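Reading through the structure tokens given below for one structure.
The values are calculated or read from the model by the stated rules, or taken from the named source; none is laboratory data. Note that the structure is predicted; figures quoted are calculated from it, not measured. Cβ: placed from backbone, ideal geometry, glycine included. Neighbour counts: every protein chain shown.
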Amino acid sequence: MEKVVKSVGSFSPLACRNLFICAGDQCCAVTGERMVRLYNARTKQYQDLPKVKRTDEEWQEILTPEQFRISRNAGTEAAFTGKYHDFHGIGIYQCICCGTDLFSSEAKFESGTGWPSFTAPVAKENVVHKVDQSYGMVRTEVLCARCDAHLGHVFDDGPPPTHQRYCMNSASLNFIPVL
């Protein structure tokens, strides 16, 4: 039986308007949840939204086994197998876990690596970079700033003007077309 993935592409929680600082982080005065400032590519505005925290069991209810392996356990899909590596739609690529806007099709380029590649995220605040020393290499891992989903890695061999190659896993992304 195939697992049905619950849609998170239209995920749009209300932003907290009552913020205060707790332990160096921005938190909601009403709920005490840790907040993160994110850019919405469609409205072209920043919002303060709560971090998304779920248990592995909750993530497994929402995601397919492949999406869970990659986005929650820092896996990697095989090259040239992901649905977005040779995809050319016009729109926004969102986090499969929480619906955060991550990349625009305008920043997508053909890297020849077999993974969807982008020159930059829609906003630097929407992603987090982390040193990854797995597999005997030193790389820069890219995570969703809202839910800490593993997206892929960024390399310094991309085209101008950024010279960055955000090499992402299709399984960590959900494409929303611009209408």
For this session: State which residue is farthest from VAL36 (Cα to Cα) when the search covers only the range 124-144 and only residues that are in contact (Cβ under 8 Å) with a residue 60 or more places away in the chain and surrounded by fewer than 19 Cβ atoms within 10 Å (Cβ to Cβ).
Result: SER134
Problem set entry | Residue that is in contact (Cβ under 8 Å) with a residue 60 or more places away in the chain and either over 14 Å from ASN169 (Cβ atoms) or surrounded by fewer than 18 Cβ atoms within 10 Å (Cβ to Cβ) (or both), where the choices are GLY89, GLY82 | GLY89
Exercise. Which one of these does ARG42 not meet: (1) in a loop (DSSP other than H, G, I, E, B); (2) surrounded by fewer than 17 Cβ atoms within 10 Å (Cβ to Cβ); (3) assigned by TED's automatic domain parsing to the domain that holds ASP157?
Worked result: (3)
For this session: Sort through GLU2, GLU77 and tell me the only one that's modelled with pLDDT of 95 or more and either surrounded by fewer than 12 Cβ atoms within 10 Å (Cβ to Cβ) or in a loop (DSSP other than H, G, I, E, B) (or both).
Result: GLU77
Problem set entry | ILE96 being touching a residue at least 60 places away in the same chain (Cβ under 8 Å), aliphatic (A, V, I, L, M) and either in the same structural domain as VAL36 (by TED's automatic domain parsing) or touching a Pro at 6+ places or on another chain (Cβ under 9 Å) (or both) | no
